[in-house]
Each structure stands twice: as C-alpha cells, then as structure tokens.
Amino acid sequence: MDTLIIREITAELMQKAGEIIRNGGVVAFPTETVYGLGASAYDDAAVKDIYKAKGRPSDNPLIVHIADVEDVEKVAREIPDSARELLKKFSPGPLTLILKKRHDISDTVTAGLDTVGVRIPSHPVAREFIRAAGVPIAAPSANLSGKPSPTTAEHVICDMQGRADAIICSGKSSVGVESTIIDMTGLVPTVLRPGGITPREIEEVCGSVLIDRHITENVMPEDTPKCPGMKYRHYAPDAEVIVVEGTREATAKKICELAEKADGKKVGVLGMDMADIGDMFISSGKNNKELASVLFGALRSFDESGIDTVFVQFCPDSGYGLAVKNRLYKSAGGNVIYTE
Ligand code: TXA
Ligand code: MG
C-alpha cells in the first residue's frame with residue numbers, strides 16, 4: 001500500500017485526509033498524548049483495517065475521538081452529570097471517559113462491549129483533522145502492537161508506512177503517555193489507565209474515585225482487567241528494561257553499581273544525572289512529567305542503538321508518577337529493583 005505522507009498542515013491537505021477517512025481509509029494523526037491511527041467509527045471495514053495494520057488483538061477496543069464536547073452525544077448515551085463535569089473541566093485534553101455506547105458505533109470499535117471510550121484531544125491538528133473527516137474517529141495509538149506508543153511522526157512512519165493510507169506529520173507529542181481512562185459507568189468513577197490527569201484531580205470534581213487494582217499491582221494477574229488493553233505486554237522495546245525505584249540518591253548509586261557489573265552488555269541509562277555511565281545516556285528531565293514526555297522516544301532510541309540492557313531511574317511522585325510507573329513496569333515486564 002502507498003502511504004501518503006502529509007508534512008504540511010494546510011486546509012487543503014486536512015480536507016484530503018478527511019476525504020480518505022470518509023472513503024474508508026486509515027489515517028495516522030498527531031495528538032498531545034501520542035499519535036493515533038484513525039478510521040471512521042461508523043465504518044466497520046475501516047476499523048478492521050486498523051486492527052490489521054497494528055497487528056492488534058480484536059478483543060482490545062479502540063477509543064473514539066471527537067473534536068467538540070457537544071459531539072459526545074454522537075458516540076455515547078446515558079451520560080451522567082459527573083461525566084459532563086469532567087469533560088467541562090479537562091476536555092479538550094488527555095482524558096478518556098468510558099460511557100454507554102450508542103448503537104451506530106461499530107461493534108468492532110468496542111470489541112463487542114456495550115461501552116465506548118470517548119476522548120477530545122487538545123492538539124489543534126487532531127481537531128482540524130476530525131472536523132475535516134466529519135465523523136467520530138476510532139483510533140488506538142499508531143504503533144505496531146506491543147511496541148512503545150509513537151510520540152513523533154518518525155516513529156509513526158517507522159511502524160506504519162505501507163500499512164496506513166496516510167500519515168499526518170506534526171511535531172513531538174507534548175504529554176508523551178496515553179490519556180487517563182476513567183470508567184464512568186459504575187457508581188464511582190474508576191481510573192482504568194493512569195495518565196496526565198491525576199486521580200486527585202478527578203476526585204476534586206467527582207467527590208470520589210477508585211483506582212483499578214491492575215494499575216497498582218506489579219504482577220500480571222490471571223483475571224481480566226476492566227480495560228482489556230491493560231493485560232497485554234506493552235511498551236516493550238527489544239532491550240531488557242530494568243526499573244530502579246526509590247529516592248534520587250539511592251537509585252543513582254544503585255544504577256552506577258549495576259552498570260559497572262554489566263560485563264559485555266551494551267548498557268543504556270534513562271535517568272537524571274548519571275550521564276557518564278553506560279554506553280548511552282538519555283536525560284529523563286527533573287520530574288515524572290518530563291520523564292513521561294521522553295519515555296517512549298527514549299525506549300525506541302535505545303533499540304536503534306543496539307542497547308542490550310536499559311536501567312531507568314524512577315522516583316515516585318504524586319503528579320505523573322502513577323502514569324509513568326504503569327508504563328515503566330510494563331516495559332520492564334515486572335523487572336523492578338527497589339532501593340531505599
Ligand atoms: O491518549 C490516548 O488515549 C491515545 C491517543 C491516540 O488518543 N490512544 C490510545 O489508544 O492510547 P489505545 O488503543 O492504544 O489504548 C486504548 C485503551 C486500551 O487499553 C483499551 O483496552 C481501552 O483503552 N479501552 C477502549 N475502550 C474501552 C472500553 N469500552 N472499556 C474499557 N477499556 C477500553
Ligand atoms: Mg496503545
């Protein structure tokens with residue numbers, strides 16, 4: 001398949017991308033979290049092509065993207081007041097709400113569930129593209145299944161050239177990890193996937209919030225999480241990833257020790273201030289918000305450089321800490337070393 005690479009954001013080219021969607025095509029587009037791989041949420045065959053392009057298991061539903069809050073009625077029904085309040089406060093932005101699905105949304109989008117994830121991205125190019133398409137856009141992250149989510153157009157081209165009809169290129173995704181997913185169909189809002197909007201912020205609006213236990217546990221339990229995607233090994237680079245968790249001083253010391261002992265292996269470090277150890281160092285910035293914005297790109301860069309083992313310095317905090325921890329634990333497949 002020939003993939004149209006759109007490198008310039010003009011009204012004409014956005015119309016062209018919208019037309020590809022209306023004709024049943026698949027288009028990758030930038031958002032503030034990660035790049036998405038979109039098709040019309042009303043077009044069953046086009047949505048099936050997304051699963052095929054990614055190699056994604058068909059039991060893992062997609063999020064539906066709209067440009068404006070008023071369009072939520074086109075996707076969902078029985079929308080509770082608390083959901084409307086969350087939308088008012090945090091949309092457009094890195095938030096996905098799980099709501100009761102409207103019947104005209106393809107069952108392939110929701111993997112047969114009666115619920116649907118709805119998100120209004122804040123990225124201006126995403127919103128222009130969705131408006132040009134004129135339909136709600138079903139889209140997972142635009143990576144090959146199992147690979148880290150793409151945060152630059154180059155990542156998307158690497159994974160999706162020849163698999164998507166078009167790729168809209170824009171700069172780097174600013175948030176860097178996927179949206180916070182909140183299930184609004186139960187009595188109490190429940191965080192199914194942590195992201196840029198924190199449980200504390202949700203609680204301030206809704207009065208209470210639960211956190212799905214699959215987020216906080218470091219083991220993959222046998223039972224099925226509410227968010228089907230959480231059960232798959234994700235965010236996985238080719239390199240072995242080892243997370244070193246604790247205070248800044250203790251983690252830095254531990255990584256230095258481990259890097260020295262890693263004889264014969266090419267060692268990569270993603271951390272704050274250990275630049276002179278290992279074969280490749282990538283700075284994680286000074287807090288978890290900054291770490292989130294570089295994490296997936298760093299994992300891809302280590303692979304490109306043939307790194308065997310990656311040590312990641314992780315110091316929990318109350319902001320992006322939970323979102324980063326969830327992605328790190330998954331890419332490490334449970335390989336976590338705790339220090340003081
Ligand atoms: O930031 C994001 O959310 C990005 C950008 C492109 O918007 N999208 C994204 O999509 O991360 P994806 O497909 O990679 O992850 C969607 C997650 C999956 O874990 C899926 O299981 C869950 O959302 N999900 C989708 N619909 C659901 C539903 N009805 N109930 C529970 N979980 C759902
Ligand atoms: Mg994904």
**Message:** With a cut-off of 8 Å between alpha carbons and a minimum separation of six or more residues, what is the relative contact order of the range 145-208 in percent?
**Reply:** 23 percent
**Complete:** Calculated from DSSP helices alone, with each H run of at least 4 adding -39500 (n - 2.57) and the total divided by the residues of the chain, [θ]222 nm to the nearest 500 comes to -9000 deg cm²/dmol
**Asked** Computed from the mean reciprocal separation of all distinct C-alpha pairs, what Kirkwood hydrodynamic radius does the range 258-340 have, in Å?
**Response** 13.1 Å
**Message:** Rounded to two decimal places and with Rh computed the Kirkwood way over Cα pairs, what is Rg over Rh for the chain?
**Reply:** 0.97
**Asked** What is the dipole size for the range 1-149, taken about its Cα centre, with +1 at each Lys and Arg Cβ and -1 at each Asp and Glu Cβ, in debye to the nearest 20?
**Response** 300 debye
**Request:** Report P(r) for the range 117-180: all Cα-Cα distances, bin width 10 Å, range 0 to the bin holding the largest distance, values in whole percent.
**Result:** 18, 55, 27, 0
**Request:** Calculate the dipole size of the chain relative to its Cα centre from +1 charges on Lys and Arg beta carbons and -1 charges on Asp and Glu beta carbons; express the result in debye to the nearest 20.
**Result:** 240 debye
**Request:** Write out the GluC sites (Glu not before Pro) in the range 12-90 meeting two conditions: DSSP loop, and at most 12 other Cβ atoms within 10 Å of their Cβ.
**Result:** E78
**Request:** Would you mind calculating the gained length between D59 and L144 on full extension (0.36 nm times residue separation, minus the Cα-Cα distance), in nm to one decimal?
**Result:** 29.0 nm
**Message:** Projecting each Cα onto the charge dipole of the chain (Lys/Arg +1, Asp/Glu -1 at the beta carbon, about the Cα centre), which of I63, S293, A275 comes out farthest on the positive side?
**Reply:** I63
**Message:** Along the Cα→Cβ direction, 7 angstrom out, place labels at D276 and I9. What is the inter-label distance in nm?
**Reply:** 4.2 nm
**Request:** Evaluate the distance, in nm, between pseudo-label points positioned 7 Å from the Cα of Q161 and of D81 along their respective Cα→Cβ axes.
**Result:** 5.4 nm
**Prompt:** According to the Kirkwood expression over distinct Cα-Cα pairs, how big is the hydrodynamic radius of the range 89-145, in Å?
**Reply:** 12.6 Å
**Prompt:** How far, in nm, would the chain grow between D317 and D104 when pulled straight, counting 0.36 nm per residue and subtracting the alpha carbon separation?
**Reply:** 72.5 nm
**Prompt:** Using the beta-carbon distance between D263 and E19 and R0 = 56 Å, what value does 1/(1 + (r/R0)^6) give for FRET efficiency, to the nearest 0.05?
**Reply:** 0.50
**Item:** Estimated FRET transfer efficiency when R0 is 45 angstrom, pair K88-M1 (beta carbons, to 0.05)
**Value:** 0.65
**Message:** Given points 7 Å out from each Cα along the Cα-Cβ axis, report the V205 to R131 separation in nanometres with one decimal.
**Reply:** 2.2 nm
**Message:** Within 10 Å of each candidate Cβ there may be at most 15 other Cβ atoms; applying that plus a DSSP loop requirement, which trypsin sites (Lys or Arg not before Pro) in the range 1-82 survive?
**Reply:** R7
**Request:** Evaluate the relative contact order of the range 12-70 (contact order divided by residue number), counting alpha-carbon pairs under 8 angstrom at least 6 apart; express in whole percent.
**Result:** 21 percent
**Fill in**
In Å, the C-alpha Rg and Dmax of the range 22-76 are 11.7, 33
**Request:** Return the Rg/Rh value of the range 108-227, two decimal places, where both radii are evaluated on C-alpha atoms and Rh is the Kirkwood radius.
**Result:** 0.98
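Since every read-out is calculated from the coordinates, none of them should be taken as a lab result. None of the values given here were measured: they were computed from a predicted structure. Quick reminder, even Gly has a Cβ in these numbers, built from the backbone with ideal geometry, and neighbours come from all protein chains shown.
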